[in-house]
Ligand code: FES
Ligand SMILES: [Fe+2]
């Protein structure tokens, strides 16, 4: 018996008839497209895996809830729906019996890679009547940033050019990059919201080794500024310590860390740099963190840019694609690889980002009660709601019933 059940317990307090208004939004009803996008926004390109992973041996992936197999033939990567129309066996379990095709392992139905058409049925002889009449769905494939990208269509529309969806600075500048792709638990929207989240980095990551010598602010005054197809977090005021009435003082400053900068800065999140890489400077980013559809985060530091692509798998899983880019050429690239493999890969893409993975996996919302810094979340939801609404209107199509 709990205290509440006990006959001796005092009666519950009488509530006023008018319930006080709940501050903030409790659910995602204000963003219906976003709310319905548990398995991702369709009509976009998504990075799936490293190009080097895709060979003549088909591999299985799930993107936006769609089961896909990727295979390479004659240097070109192909994506097919990973289900043999005969009895539903995954084609990724099969292999290549003829150039330009993939054969299902069960009865040898053999599909043409570019078109998905049934090209032969090995166990029915050369005269099989189904040949050319049955097909599996194919997906448009491109390779960029050393990765294979697949277009997940809304209906059966032609994909837009992938370059129009990539961060602009990655389309025509020379750069070197390192990165990691991890399957992670948690819905892709939690990963995306975490990436652009104004509030958490200063607190959650205060113990990250990546921040061992650099203090993190205690709190900021932040604005969201749209520019092109991106929204930016712009820091107007940065506070390195604070006195909380009745509770005490809090700061991430420590005697062994560098002193925080005096001025407010908007490239990098730990201090103002003396020199900024010219390619990064030329972008004139209003703020160091920016986000665009369909879930692409860009964090600009003085000498490199970190990107995160949140790739929807299903309601409970996503693929984390983290890429560190240095706009440099020639001998400098060796320095970058040394730095990336020696430190960044495990400090930043490893432990630091592992703290995010932990939170994304255990976030459970809605319901939620947002606070002032969550303007970053609501701005992103507003952006995605608007962009996706435009996309659906442009495609003359309606969302599939969830
Ligand atoms: S299930 Fe694929 S060939 Fe029979
Ligand atoms: Fe984080």
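Quick note: the coordinates plus some simple rules give every number you see, no bench work behind them. Bear in mind that the values here come from a model prediction, so they are computed numbers and not experimental data. All Cβ positions, even for glycine, are placed from backbone atoms using ideal geometry, and neighbour counts span all protein chains on display.
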For 305, 362, 231, order by how many other beta-carbon atoms lie within 10 Å, fewest first: 362, 231, 305
Simple spin-label estimate for residue 314 and residue 51 in nanometres, 7 Å along Cα-Cβ: 3.1 nm
Shape call, segment 171-395: gyration tensor on alpha carbons, a/c limit 1.5: rounded
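Give me 332, 356 ranked fewest to most by other Cβ atoms within 10 Å of their Cβ, as a rough exposure proxy. Spell out each step's value before the answer.
Details: 332 12, 356 24.
Fewest-to-most Cβ neighbours within 10 Å comes out as 332, 356.
Go ahead and run the numbers for FRET between residue 258 and residue 171, Cβ-Cβ distance against an R0 of 41 Å, rounding to 0.05.
Efficiency at R0 = 41 Å is approximately 0.70.
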Listed peptides 185-197, 275-287 by packing density, highest first (mean Cβ within 10 Å): 185-197, 275-287
CD proxy at 222 nm, helix term only [per DSSP H run n ≥ 4: -39500 (n - 2.57); per residue of the chain; nearest 500]: -4500 deg cm²/dmol
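Rg to Rh for segment 52-152: what is it, with Cα atoms only and Rh by Kirkwood? Present the calculation step by step, with values, prior to reporting the outcome.
Details: Rg = 12.9 Å, Rh = 13.4 Å.
Ratio of gyration radius to Kirkwood radius for segment 52-152: 0.96.
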Simple spin-label estimate for residue 240 and residue 337 in nanometres, 7 Å along Cα-Cβ: 3.8 nm
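Taking square-rooted eigenvalues a ≥ b ≥ c of the alpha carbon gyration tensor, is the chain rounded, prolate or oblate, where a/c under 1.5 means rounded and, failing that, a/b exceeding b/c means prolate?
Working: a/c = 2.22, a/b = 1.43, b/c = 1.56.
Cα axes put the chain in the oblate bin.
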Sites residue 26 and residue 225 - FRET efficiency at Förster radius 41 Å, r taken between beta-carbons, to 0.05: 0.90
Inter-centroid distance (Cα atoms) of segment 196-249 relative to segment 377-392, Å: 24 Å
Inter-probe distance in nm under a simple model that places probes 7 Å from Cα toward Cβ, at residue 214 and residue 93: 4.9 nm
Burial ranking of peptide ranges 309-318, 103-112 (average Cβ count within 10 Å, highest at the top): 309-318, 103-112
